[in-house]
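The values are calculated or read from the model by the stated rules, or taken from the named source; none is laboratory data. Note that the structure is a prediction, hence the values are computed from the model and not measured. Methodologically, a virtual Cβ is constructed for each residue, glycine included, from the backbone with ideal geometry; neighbour enumeration extends over all protein chains shown. SASA here: full protein model, heavy atoms, side chains in, ligands and nucleic acids out. Shrake-Rupley method; radii C 1.70, N 1.55, O 1.52, S 1.80 Å.
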Amino acid sequence: MADLKLSDTRDLTRIERIGAHSHIRGLGLDSALEPRAVSEGMVGQTSARKAAGVILQMIKEGRIAGRAVLIAGQPGTGKTAIAMGMAKSLGLETPFAMISASEIFSLEMSKTEALMQSFRKAIGVRIKEETEVIEGEVVEIQIDRPAVAGAALKTGKLTMKTTEMEGVYDLGAKMIESLGKEKVQSGDVIAIDKPSGKVTKLGRSFSRSRDYDAIGPQVRFVQCPDGELQKRKEIVHCVTLHEIDVINSRTQGFLALFTGDTGEIRAEVREQIDTKVAEWREEGKAEIVPGVLFIDEVHMLDIECFSFLNRALENEMAPILVVATNRGITTIRGTNYKSAHGIPIDLLDRLLIIATQPYTKDDIRMILDIRCQEEDVEMAEEAKALLTHIGVETSLRYAIHLITAAALACQKRKGKVVESEDITRVYNLFLDVKRSTQYLMEYQEQYMFNEAPIGDGNEDGTNAMLS
């Protein structure tokens, strides 16, 4: 049997996580909302990032609701990156829903229903309830396995303690399975929800910190709980209004969340849910958390969708709407009228507009350095300088695409560091927009259904196509 070489193994989870904006960790702002030069994966766009930081602060303080923000700029100027940075800065507690405007027209439901579902995905409900929990440090887990397979279900005993008492609990098959899934062992501090049987590992006890010579950075140490083992605690559940809609509109209950296609939800169901949530708010059992809905390529929406957005933003529970576009003065879809960014004037009047500027040469170089680090590509300084020049002459997106291709070309020649020759090789293999258009203009007569204007000078036609 052939020996397994460690060099041949790959970390597949890391490969799968690399995306166009996987390097974004936040907006890169300091405590005074001033943008740092390079921070949290963000480079340049200082004015736009600062404006987004002000919006973010108002969202966190609950001072902005039912408002809308437009991020406008040329293609490849970081509009989606700023939206992703806002989402990462908000954290997990604030709902963040992201859609592309073209998705509205491809779903098997009406446009307004698709928008309504997106809106309610961005509105969170924080529900508070008291429940019985068993919380303590695990002293010992004893599992009695049957001698004959299939003869009987597994049973066992769980010994837990606090600083004041110790108790022993009988375990059934489901609890043993839950403890196994959480990989609970002696010395862990856990909490068991008594009604549901859900097991939550809180961390490892400080008293057992010297059990192992080496401990991973993900291990969290906590104090052994005090008081009684069984106590009443206030539990907070965070769900979105859309999740509540789906659960209450389908006969299969919560399983509807996993079926994929939820279809249209009746208005009566939403009215009943809104009434119930309002009752919970008055009783102090729940609170509304307005989140953020990000709609990319908003110019793809038509006049009906824009009218719906106008009305939806007036609702008291409306989330913060963030839209992005790369269009200038263009026709509003569904009409013959032209407007800035293809958005009607009445909706534009509601928007706080954040403008993004083209990246400078230094910005492009810094972004390429971050992407090389994100994709684990070691590149020589000369190769980075050449790639930066390509990014300035063509586009940042094209330059980023060449990083992985150049790494594969380097691997093909059994090199360890990407050199200028690898960049040149993939540059000649893959065309950018300008060279592709020039090629089409040169060989336009050989293509089927060609509609390009045939003039005396190919250069004028190429410029017209690029503009």
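A few notes on this one:
- Shown in residue order for region 105-117 are the 3J(HN,Hα) couplings computed by the Karplus curve 6.51 cos²θ - 1.76 cosθ + 1.60 at θ = phi - 60°: 8, 9, 7, 7, 7, 5, 4, 5, 5, 4, 5, 4, 5 Hz (x for Gly and Pro).
- Pairs from the table (LYS231/LYS276; LYS111/LYS276; LYS50/LYS276) lying more than 32 angstrom apart at Cα are LYS50/LYS276.
- Close amide H partners of GLY203, meaning residues 5 or more places away or on another chain with modelled amide H under 5 Å apart, are VAL189.
- FRET efficiency, TYR447 to LYS50 (Cβ-Cβ, R0 30 Å, nearest 0.05): 0.05
- Per-residue 3J(HN,Hα) values for region 98-104, derived from phi via the Karplus relation 6.51 cos²θ - 1.76 cosθ + 1.60 with θ = phi - 60°, read 10, 9, 9, 4, 5, 5, 4 Hz in sequence order (x marks Gly and Pro).
- Portion, in percent, of the accessible area of region 291-359 that falls on carbon or sulfur, probe 1.4 Å: 49 percent
- Farthest toward the positive end of the dipole of region 270-343, out of TRP280, THR330, LEU309, is the Cα of THR330, where the dipole comes from beta carbon charges about the Cα centre.
- Candidate aspartates and glutamates for bridging to LYS128, where Cα separation is under 20 Å - those fewer than 8 sequence places away on the same chain excluded: GLU93, ASP193, GLU234, GLU243, ASP245, ASP274, GLU279, GLU282, GLU283, GLU287
- If the segment from LEU352 to GLU34 were pulled out straight at 0.36 nm per residue, it would be longer than the present Cα-Cα gap by 112.6 nm.
- Using the Cβ-Cβ distance between THR331 and VAL433 with R0 = 25 Å, the FRET efficiency computed as 1/(1 + (r/R0)^6) comes to roughly 0.60.
- Gap separating the Cα centres of region 25-74 and region 266-317, nearest whole Å: 24 Å
- Hits among lysines - C-alpha to C-alpha of LYS154 under 19 Å, sequence gap 8 or more where chains match: LYS174, LYS181, LYS183, LYS198
- Carbon plus sulfur fraction of accessible area for region 20-159, probe 1.4 Å, in percent: 51 percent
- Label point distance in nm, VAL417-GLU378, each placed 7 Å from Cα along Cα→Cβ: 0.8 nm
- In Å², nearest 10: area of ARG435 left accessible to a 1.4 Å probe: 50 Å²
- Pairs spanning more than 23 Å between alpha-carbon atoms, out of LYS338/LYS434; LYS361/LYS414; LYS60/LYS121: LYS338/LYS434; LYS361/LYS414.
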